[in-house]
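Any read-out appearing in this document is the output of simple, stated calculations on the displayed coordinates, not a laboratory observation. It should be emphasised that the depicted structure is a prediction, and the values quoted were computed from it without experimental measurement. Cβ placement follows ideal geometry from the backbone for every residue including glycine, while neighbour counts extend to all protein chains displayed.
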Amino acid sequence: MNVTTRKRQVGENAKKTRPDGMPVGIPFTKDNQPDGRGRPKGLRNSKTILTELLQIVEKVTGADGIVQEVDQLEMMWAKQVAQAKRGDSYSLERILNRVLVGRPPLQ
């Protein structure tokens, strides 16, 4: 298809309209833009926000009195391991799935 044929087709389609009055077959113009403009500048991805929250470090005093700096993710793992040691089979299954298979179990 050459350029003149393409221009002719666009021109012919521009005369047609959809039931809602919008033209058919032409790209958006400055006057005819969709409402949404995409994600606003500065809005961060939810995965980025979650990663930052899990990296927050807290000082934790152990049973022996030693103070350690531990991030939220390590604290979650420690709690999961403690529950598995107490006999929680669900916690043990989640740990083994994550460590051995490398993915969370499917729901």
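Numbers below:
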{"read-out": "Net charge, Leu53 excluded, C-beta distance under 15 Å - Lys, Arg +1, Asp, Glu -1", "value": "-2"}
{"read-out": "Net charge of neighbours whose Cβ lies under 12 Å from the Cβ of Gln68, counting Lys and Arg as +1 and Asp and Glu as -1", "value": "-4"}
{"read-out": "Gain in span if fully extended, Glu93 to Leu54, counting 0.36 nm per residue against the direct Cα distance", "value": "11.8 nm"}
{"read-out": "Neighbourhood net charge (13 Å Cβ-Cβ; Lys/Arg +1, Asp/Glu -1) for Ser91", "value": "+3"}
